[in-house]
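These notes are about the structure you will find just below.
The values are calculated or read from the model by the stated rules, or taken from the named source; none is laboratory data. Just so you know, these numbers come straight off a predicted model, no measurement behind them. Here the Cβ positions follow ideal geometry from the backbone for every residue, glycine too, while neighbour counts run over all protein chains shown.
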Amino acid sequence: MKKLHFLEVEGNTKGFYTFLGLFGLISVIGMLAAYYMEHNGHWVTGMNNQIIWGTPHVFAIFLIVAASGALNVASISSVFAKTAYKPLARLSGMLALALLSGGLMVLLLDLGRPDRLIVAMTKFNFVSIFTWNIFLYTGFMGIVGIYLWTMMDRPYNNLTKKAGMAAFIWRLVLTTGTGSIFGFLIAREAYDSALLAPMFIIMSFSFGLAFFMLVLIGSYKYTQRDLGDYIVNRLKNLLGVFVAAVLYFVLVYHVTNLYSADHRGITAFILTDGGIYTFLFWVVQIVLGSLVPLGLLYGPTGNNRTMIGLASVLIIIGGMAQLYVIIIGGQAYPMHLFPGMEVSSSFYDGVVASYSPSLPEVLLGLGGFGVTLLLVTVAVAALKFLPASLADAVADPHSK
Amino acid sequence: MTINIENEKQQDTAAEVESSRRNFIFGSVAAAGLSVAPGVMLYQTANARSLSDFSLKDGASSKVRWGMLVDTSKQVDWNKCVEACNKEHGLGNETNSRDDQKTQYIRVVDVTNKGTGHSMSLPVMCQHCENAPCVDVCPTGASMKRADGIVLVDRHRCIGCRYCMMACPYKARSFVHEVLTDQTENTPRGKGCVESCNMCVNRIDNGQEPACVEASDGAIVFGDLNDPNSTISTLLKEHGGKQIRADLKLNPGVHYQGI
């Protein structure tokens, strides 16, 4: 394995400014959408008193979950001492921070009173998992920041393993915390499962790595740097394992829910008669987001970069569908004030709540992706995150 | 002229009748007051802590747990409670929100047993849980439980995250989806905050009963659950009562009979 050489992406090029402009525009549109919603109030959205968390939460939670997953590559390198992943550790850490920033931005801008952020940062209720998440997110930023520093500043390289271990443990706790936001909701059948927290961890592995793959392949393609099959194939095989693991958790989640009589209603709703949610589950999450990517990654197209990229895009779309089904489908299914009884009221008791995402909600969510990619674009140009070459001769530890 | 004298006489007689009627009413009220007063005194003595004993200046006390007992078997138009609540808190002033976005503190729920066909209606509001999930999940402590058991939202602290709405098993909370004007003095509602029934905390602190209780023609009894001699405790002891979703072990302060 040849010596690794990291190099900034040349900033003063047409391509760089194109990406900067594109991602900047998406970010600005997202913020304008947030301003529109905040100025008018949430009546301009599809959200209501039944679907309390809408599309922005789907985007925000996807980005936050993917953030901790994007750190995986660095963890494998530092914690599990796999040298093959070492060249990618910096990008992995930086991507984690960028994804978390994008996700948090969406989450905060969807608050009813984002102007009261200072209240959230100064008044705490330590019984609330949300309060814990505030510390988990800011702590993640700090720890991953230190971790990146130890990787990029030579005198501190000897601390990388320790920082990497701390970041690894922190990210596991963080995703457990994100999953637990739902796990603590006793009255909603969809969320009343201890499996949600570990399922969110494995989802983070899959979504985070899919996003990482796209950034890796994209950035090397557009900077015309060498990216060998060795590293890409290792990553895509790992990605396939994660996708299969998510499928396993989804299966166990639904089978255990079917086992208990009081959860059969919600399971039947998602799997058979939930309309859009059933469609999103089977067609987008399972077929397009899981089975097709598995075929693309492990089938004859497994060595084709375009197909690996397509698989990653599908995994992300499938992941968004999965979160849509969990978050919005879980709210749409009525809560049972009187189990076994037929219930109706002016407040939509006993009926499946209706929700259609409004344009500003989607734009705010996309803005989160925009901010993430904008940060990545600036970061790779400002600091040495990307190896100058990841050709097999450099990346493969067994290469002579 | 004769006619005029006649008229004056008639007016005098009418004034006398009016005066004697007034005296009669006064007398009756005074007599009733005199006869009722000892009863009231006795009642107050028996009820060591009655509503009028508490006022804002004392602050909320954990010796008290305010609760309600709803008798669903009484033939009452529960919508009168909803109207009283809306009036008290100035609800229904949204101009842009869709129906599914509008605030409701109290709603009438119709319940039908599919097996037997038996159906009933009952008012459902914030159940003022002892172990309130909305209080547990609120990141800023805006969603809080007062010492006397009333669960309410501090609207200066609420950041509008809506986690409490996700956590509430009774769907008791609403989110203000738009800019509001002409709020009532006692209920400062505003865009971007979560709100719910606060048991008319403003009235309780002034020694009055909640608006829905007042409008319920006696079908909702309000009182101190901690006081074994209070009417609500006596009724619950004698006739029992149920809490909605008691299986969740949240110990709501709102009890029901006939469900």
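Before moving on, here are some points about what is shown:
- Residue within region A:154-164 that is basic (Lys, Arg), within 14 Å of chain B (Cβ to nearest Cβ) and out of contact with any Cys (no Cβ under 7 Å at 6 or more places or on another chain) present: no
- Any hit, region B:113-124, residues being closer than 23 Å to B:ALA246 by Cα, touching a helix residue (DSSP H, G or I) at 6+ places or on another chain (Cβ under 7 Å) and more than 8 Å from every other protein chain (Cβ to nearest Cβ): yes
- For region B:231-244, the condition of being in contact with an Asp or Glu (Cβ under 8 Å, 6 or more places away or on another chain), of a type outside the set (Gly, Ala, Ser) and crowded, with 19+ Cβ neighbours inside 10 Å holds for at least one residue.
- Matching option when the condition is in contact with a Gly (Cβ under 6 Å, 6 or more places away or on another chain) and part of a helix (DSSP H, G or I), among A:TYR220, A:TYR230, A:TYR253, A:TYR277: A:TYR277
- Answer residue from region A:293-315, given it is of a type in the set (A, V, I, L, M) and touching a residue at least 40 places away in the same chain (Cβ under 8 Å) and is nearest to the other protein chains (Cβ to nearest Cβ) among those: A:ILE315
- Residue within region B:189-208 that is within 20 Å of B:PRO139 (Cβ to Cβ) and of a type in the set (Asp, Glu) present: yes
- Among the residues listed as B:PRO139, B:PRO133, the single one being touching a residue at least 40 places away in the same chain (Cβ under 8 Å), under 21 Å from A:ILE186 (Cβ atoms) and at the interface with chain A (Cβ under 7 Å from one of its Cβ atoms): B:PRO133
Okay, residues lined up against (1) touching a residue at least 12 places away in the same chain (Cβ under 8 Å); (2) facing chain B (nearest Cβ under 10 Å); (3) within 19 Å of the chain's Cα centre (by Cα); (4) surrounded by fewer than 18 Cβ atoms within 10 Å (Cβ to Cβ):
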residue: A:ILE317; (1), (2), (3), (4): yes, no, yes, yes
residue: A:ALA321; (1), (2), (3), (4): yes, no, yes, no
residue: A:ILE328; (1), (2), (3), (4): yes, no, yes, no
residue: A:MET341; (1), (2), (3), (4): no, yes, no, no
residue: A:LEU363; (1), (2), (3), (4): yes, no, yes, no
residue: A:VAL371; (1), (2), (3), (4): yes, no, yes, no
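- Of all residues in region B:150-159, those satisfying the criterion of being surrounded by 23 or more Cβ atoms within 10 Å (Cβ to Cβ) and assigned to a loop (DSSP other than H, G, I, E, B) are B:ILE150, B:CYS158, B:ILE159.
- Filtering B:ASN226, B:ASN198, B:ASN202 for residues that are part of a helix (DSSP H, G or I), among the polar types (S, T, N, Q) and in the same structural domain as B:GLU94 (by TED's automatic domain parsing) leaves a single hit, B:ASN202.
- The one condition from (1) over 21 Å from the mean Cα position of the chain (by Cα); (2) of a type outside the set (Asp, Glu); (3) not in a helix (DSSP H, G or I) that A:TRP43 does not meet is (3).
- Scanning region B:83-105 for residues that are surrounded by 22 or more Cβ atoms within 10 Å (Cβ to Cβ) and over 25 Å from A:GLY46 (Cα atoms) yields B:CYS85, B:HIS89.
- Filter result (over 10 Å from A:GLY177 (Cα atoms) and more than 10 Å from every other protein chain (Cβ to nearest Cβ)) within region A:122-136: A:PHE135
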